[in-house]
Every structure is written in structure tokens, then in C-alpha cells.
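Only one structure is covered here, and it is reproduced in the block below.
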Amino acid sequence: MIERYLHHVRVELPGPEETAATARLRLADKFPRTALRRMTHLGLLIGSALDGVALTPEDAMVFASTFAETRALEDFLATFPAASPLLFQTSIHPGSVQQVLIGRQQPVGRLWPLAGRTRLVEQALLTALLEPAPRVALVGGEERGTWMLEHNVASTTSFACAALLTREPAGAAGRVAFSPGPIADAACPTLEDFTHALAERRPLSWLGAGGAWTLEWS
């Protein structure tokens, strides 16, 4: 069995009416003013979820998302044929978690960006558990799409989560563990399901691709 302990758990679950513009107003005090203008909705949500986590070059980060900055791309494409220079810059800006790290000048030793659907949560957790750094920031999220929803290439909701995983049980809020075993094809929680479990401090357990997963709380 391999395990890590959760010492920082925070989520962002904004309402469906929130946009990047309204998020900037709500969360403005959490970011450098020079970085705020070009941050995407997902970047703002992840930055808020990571608020208070002092990362160092000895730490690692695992980032999980299925669609990433789909809304930023939608907004840029909607300005055609008179393409917006500002929205073009936003659409090619560093990804959400990079926006946060750059703006706060927080270098990390390794960044593992992961994209997927069915087993994304397992992939992200296993990457965090196998990472040699003593502290691993596990972050993930999506930003709600609009017209791209019809093509199944956008998230139906906006959300973000962050957890700091270490090997120290003292003072931990919870624990995530993986026990290798027979290959199973049971359903894996989606990233949104996992985020809600973190928000509600709800335990999870499931049989994944190659073993059993457990999320439990102190």
C-alpha cells in the first residue's frame, strides 16, 4: 500500500452565473494586480483553492483537467472576424495553474499536467503518490463552457480543488491510499465528484485499474 496525508484541502464551487469577469471582482485580493487582468476563470478558481499554500522549489505539483481553458478559447473565437488582441493573449496565456505560480513567483521542482476523462482522478492521485517530493500539491478543475457544450468538448460546471499531500500524519485532515490488486473495471469518480467529496469531507472507495483506492478523513 502507498499513501499520503492531506494537510490543505480547499475547493471552489462557484454558481453557474459566475464568469471570469465576476470572478476577478470576487477574488481580486488574492492575486497580484499585474497578473489579474489576463487570468482565466479556471486560473482564478485554482489560485483561490491554493490560497495560503506556500510552495517551494522542493515541492511538486500535479494538475488535472479534462478541458482546461475551453471558455477562454470560446470567448476568443466569438470575436471573429474582428479577433480581439486581448482575448487572443488570454487564449494562449500559460495554463491556469501556471498563471498562479508565475503571478505569485512560486517555482516548484516538478509540474505534472494531466488530461483525461474516465480515469483522470486515478491518474492524478497515482502520480502524486509516486512523486518523490515530500510535499505534492494536487490541483484540478474546469471552467464552464457555452456553445462548445453541444460538441461535448467543455465542462458543464466550473470548479477547482487543491490538496497538499505529504507523508506526515500529524495534523492531517485526511488520507488517500492505494493498494495494488487485480485489475478492475469499476467506475472511477470524476474530477467533479472528487472535488465535491473534498468539499463535503466525504469518504470514497473504489476498485480501479490495478488496485483499490481509499479517501478517508480524520
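Please list, ordered by chain and number, the residues whose modelled amide H lies under 5 Å from the amide H of residue 135; skip anything fewer than 5 residues away on the same chain.
The list, which skips near neighbours in sequence, is 60.
Report, for the range 7-172, the % of DSSP beta bridges that are antiparallel, rounded to 5. Before the final figure, lay out the partial values.
Values: 12 of 24 bridges.
Around 50 percent antiparallel, to the nearest 5.
Any idea what the dipole of the range 24-142 comes to, in debye rounded to 20, about its Cα centre with Lys/Arg Cβ at +1 and Asp/Glu Cβ at -1? List each step's numbers first, then the result.
Numbers: 12 positive and 10 negative charges, 55 e Å.
For this selection, approximately 260 debye.
Residue separation times 0.36 nm, minus the C-alpha to C-alpha distance between residue 151 and residue 167: what's the value? Present the calculation step by step, with values, prior to reporting the outcome.
Values: separation 16, 0.36 × 16 = 5.76 nm, distance 4.16 nm.
That works out to 1.6 nm of additional length.
Among 16, 63, 1, whose Cα sits farthest toward the positive end of the charge dipole of the chain (+1 at Cβ of Lys/Arg, -1 at Cβ of Asp/Glu, about the Cα centre)?
Value computed over the given set: 63.
For a quick protection proxy, order the peptides 165-177, 54-66, 113-125, 17-29 by their average other-Cβ count within 10 Å, most packed first. Working shown, then result.
Values: 165-177: 15.6, 54-66: 19.2, 113-125: 17.4, 17-29: 13.6.
The densest-packed peptide leads the list: 54-66, 113-125, 165-177, 17-29.
What's the ranking of 35-43, 135-143, 3-11 by average number of surrounding C-beta atoms within 10 Å, highest first? Please list the in-between numbers first.
Working: 35-43: 22.4, 135-143: 27.0, 3-11: 19.6.
Highest to lowest by the protection proxy: 135-143, 35-43, 3-11.
Read-outs: derived from the displayed coordinates by stated rules, not from any lab. Just so we're clear, the structure is a prediction, and the values are computed from it rather than from any experiment. No Cβ is skipped: glycine too gets one built from the backbone with ideal geometry, and neighbour counts run over all protein chains shown.
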